[in-house]
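For reference, the structure discussed in these notes is given below.
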Amino acid sequence: MQQISYDLIVGNHLEVDRLTIQALEEGFAANTILDDGLIAGMAIVGIKFRDNVIFVPEVLVAARAMKAGMAHVEPILSESGIQPVGTVVMGTVKGDLHDIGKNLCIMMLRGAGFIVHDLGVDTAPDEFIDAVVEHEAEVLGMSALLTTTMPNMGRTIDAFEENGLRDIVKIMVGGAPLTQEFADDFGADGYGKDAMDCVELAKRLVGLQEAEEPVPVVS
């Protein structure tokens, strides 16, 4: 498991692929490989990215390596009938084409047992609403990297309010220019500063664990 984590961190997708197959053949449970190998490695990637030790290219190759391992683990977990812990809709807001942080969050959420529907970039409020309703999502996650597109988070939340749908979903926001204060102003249910924070926040929002501090809610 340590070797899988290491190869994921350095972005060696061929070794992650090979070692994941080997671990399954040797009798390791898919959950063990996921938790102790893939997610453990990606958690370190998330920390290094947050602390500016590594940058976007390194994250991309690590993400490719995790995808290589997940290709073998995900089908087994699906066939085992394990119930997902929740359903999340994720997207970058209208006018913003950045998705590295969002994609890292999605990978971590899926690894933690969530079903995630990725709407991609440049997502309009109506698209968020339609996806939440269609997939009966408990959580909506919005990302923005540009200060000029941040207000579209507030507009999306307002659109849920105007359509009488604000109470059906918990909304979390994130992205480099975001702060807890902005999240509160927008009326979001929570703010995550990085991918690991995103997973912990999503778990709290679906009631899987208690928050150490109350999740801010603005009515």
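The values are calculated or read from the model by the stated rules, or taken from the named source; none is laboratory data. Only a predicted model underlies this, so the values are computations on that prediction, with no experimental measurement involved. Don't worry about glycine lacking a Cβ; one is built from the backbone with ideal geometry, like all the others, and counts go over all protein chains shown.
Summary table
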| read-out | value |
| --- | --- |
| Any hit, the stretch 7-28, residues being surrounded by 15 or more Cβ atoms within 10 Å (Cβ to Cβ) and touching a residue at least 60 places away in the same chain (Cβ under 8 Å) | yes |
| Single condition GLY91 does not satisfy, out of (1) surrounded by 19 or more Cβ atoms within 10 Å (Cβ to Cβ); (2) part of a helix (DSSP H, G or I) | (2) |
| Qualifying strands (runs of 3 or more DSSP E) (wholly inside the stretch 103-219; at least 2 residues being in contact with a Leu (Cβ under 7 Å, 6 or more places away or on another chain)) | 170-174, 190-192 |
| Some residue of the stretch 48-68 being part of a helix (DSSP H, G or I), in contact with a His (Cβ under 7 Å, 6 or more places away or on another chain) and among the aliphatic types (A, V, I, L, M) | yes |
| Any hit, the stretch 35-42, residues being buried (at least 20 other Cβ atoms within 10 Å of the Cβ), within 15 Å of the chain's Cα centre (by Cα) and under 26 Å from MET150 (Cα atoms) | no |
| Qualifying residue in the stretch 10-32 (condition: within 13 Å of MET108 (Cα to Cα) and either acidic (Asp, Glu) or part of a helix (DSSP H, G or I) (or both)) | no |
| Residue that is surrounded by the most Cβ atoms within 10 Å (Cβ to Cβ), among those in the stretch 179-190 that are more than 16 Å from the chain's Cα centre (by Cα) and of a type outside the set (Asp, Glu) | ALA188 |
| Test: residue in the stretch 160-168 that is under 25 Å from ARG50 (Cα atoms) and of a type outside the set (Gly, Ala, Ser) | no |
| Long-range neighbours under 6 Å by Cβ, at least six apart or interchain, first residue not assigned by TED's automatic domain parsing to the domain that holds GLY91 within the stretch 123-144, second of a type in the set (Phe, Trp, Tyr) | none |
| Hits in the stretch 87-112 (condition: in contact with a Gly (Cβ under 8 Å, 6 or more places away or on another chain) and of a type in the set (Gly, Ala, Ser)) | GLY91, GLY101 |
| Test: LYS193 is under 12 Å from the mean Cα position of the chain (by Cα) and surrounded by fewer than 16 Cβ atoms within 10 Å (Cβ to Cβ) | yes |
| Candidate set: the stretch 109-143, residues that are small (Gly, Ala, Ser) and in contact with a helix residue (DSSP H, G or I) (Cβ under 6 Å, 6 or more places away or on another chain); chosen: the one farthest from VAL199 (Cα to Cα) | SER143 |
| Any chance LEU97 is surrounded by fewer than 16 Cβ atoms within 10 Å (Cβ to Cβ) and out of contact with any His (no Cβ under 8 Å at 6 or more places or on another chain) | yes |
| Residues being in contact with a strand residue (DSSP E or B) (Cβ under 9 Å, 6 or more places away or on another chain) and without any contact (Cβ under 8 Å) to a residue 60 or more places away in the chain - total across the stretch 156-168 | 2 |
| Failed item in (1) more than 30 Å from LEU38 (Cα to Cα); (2) hydrophobic (A, V, I, L, M, F, W, C); (3) surrounded by 20 or more Cβ atoms within 10 Å (Cβ to Cβ), with VAL173 passing the rest | (1) |
